[in-house]
1. Heavy atoms of the protein only, probe of 1.4 Å, neighbouring chains included. What is the accessible area of Val357 in Å², nearest 10?
2. Using a 1.4 Å probe and counting only protein heavy atoms, arrange Met258, Met264 so the residue with the most accessible area comes first.
3. Figure the gain on full extension for Lys325 and Lys295 (residue separation times 0.36 nm, minus the Cα-Cα span) and round it to one decimal in nm.
4. If you wrap a convex hull around the alpha carbons of segment 35-117, what volume per residue comes out, as a whole number of Å³?
5. Taking 18 Å as the cut-off for C-alpha to C-alpha distance, list the pairs among Lys294/Lys370; Lys246/Lys325; Lys288/Lys339; Lys101/Lys295; Lys295/Lys332 that go past it.
6. So what is log10(I(q)/I(0)) for segment 276-396 at q = 0.14, 0.18, 0.21 1/Å, when the Debye sum runs over its Cα atoms only?
7. Put Phe277, Phe87 in order of accessible area, largest first, 1.4 Å probe: what do you get?
8. At 1.4 Å probe size, what's the solvent-accessible area of Lys40? Round to the nearest 10 Å².
Amino acid sequence: MYEVFYRAEVNVICLMMLVWISFRSKVLSDKQTRRILFQKIILSTVILMLVDTALIFVDSRAGSVFYVSNWLLNLIYFSLNAVAAFFWSGYIIYYIYGNLKVINIFNSLLIPILAVYAMIVLSSPITHLVFYINPQSNTLEEGALYWLQLVVTYGLFTSSSFIALLSIFQKRKWPAYYHRYVTFFSFVFFPLLGGVLHLIFPESKTVWQCLTLAFILVYTEFQFDLISKDSLTGLNNRRSFDQKLKNLSDFSDSSALMQNHIFMLDINFFKDINDKFGHPEGDQALIKTADLLKKILGNTNAFLSRFGGDEFAIILCCSNEEAGKLRINLYKAFDEYNKSEENPYRISISVGYAPVVGNGKNAAQNALKKADDELYSEKEFMHQALSQVDALIRKN
């Protein structure tokens, strides 16, 4: 009896935490895809835990009402196991790739499999393939395909974890996104831990309690994003940049071939975009600029941030030669984008950069000032060149 109430108490505590996390994340978040997926996982897990709690008070109880309830609740539980794992895996895939096309491919591959699994589960009252309820004891008995729900549920957890790990090591982004991947490993680890415990102790059903711990970690990461990320572009914000700059000097070595370089970027004629096409279109220009920077520097350890307004900042450890090449590559990338896209305006940037020379608290600040000074010299040159191009276009 004490075990029953203990299990129910644990479920109730987890449910209270999940409801609170769901409410707070909905209030504080925008409608980004990742957060919508997060809400779906919480909802399916809440339903699962409610069903699991109800099963505690139905299982082994005599009477036709309890018998029918046991069948219905287990049908829901076995079906939702796979659905929750499906949402969780989709969340992990999107967390890593950040691409809706990848999610659509993921859905097209797995939804037919889940549909077949659901039909097999729902046929159990007739076929007893996955499970059946013993009418004498009103307890769950394993069917011939009971293992199927374990393969589907934990297979989704395991495969998505493997894909994510593979992606991390292929892109070699660990140093740049350390805190995110510590969180990521944690919320992959906890569901798998719950699955292992369930396999060893079948009556424990701890996977969803362990998943609640993972939700707490994901929610914590959301809060970190709120204070460290720019809400419009998704890049690091000025606060994060200042903190990075503060810690930079301690690791600088002016004698080394590879040095920390600070790049300052500014969108050319951004005020004209706002004035002619409106601030919403100006926001889109900022978002597209950030997306291009992520694409160009995605496989490096660059620290990308929105410095303020239409200015962006990059911190990258590289040689002086590589820094010069990066500026050229940035100009080329934006030029190619303007040729391939049919926007009513051009998105171009000016770039200034400088190495962090020496140590001490002033080293990084001095580099920032030099990069900013070079940016404005470069911007003056770019504005003259672009104005001449526009004049020629209007003339012809």
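1. The accessible area comes out at roughly 90 Å².
2. Working: Met258 85, Met264 0 Å².
Sorted by accessible area, descending: Met258, Met264.
3. Numbers: separation 30, 0.36 × 30 = 10.80 nm, distance 1.61 nm.
Length difference between fully extended and current span is 9.2 nm.
4. Cα convex hull per residue, to the nearest whole number: 82 Å³.
5. Numbers: Lys294/Lys370 24 Å; Lys246/Lys325 26 Å; Lys288/Lys339 14 Å; Lys101/Lys295 16 Å; Lys295/Lys332 13 Å.
Distance filter (> 18 Å) returns Lys294/Lys370; Lys246/Lys325.
6. -0.69, -1.10, -1.43
7. Values: Phe277 85, Phe87 50 Å².
Highest to lowest solvent-accessible surface, that is Phe277, Phe87.
8. Here the residue's solvent-accessible area equals roughly 90 Å².
The values are calculated or read from the model by the stated rules, or taken from the named source; none is laboratory data. Note that the coordinates shown come from a computational prediction; the quantities given were computed from them, not determined experimentally. Quick note on the areas: whole protein, heavy atoms, side chains included, nothing else; ligands and nucleic acids left out. Shrake-Rupley method; radii C 1.70, N 1.55, O 1.52, S 1.80 Å.
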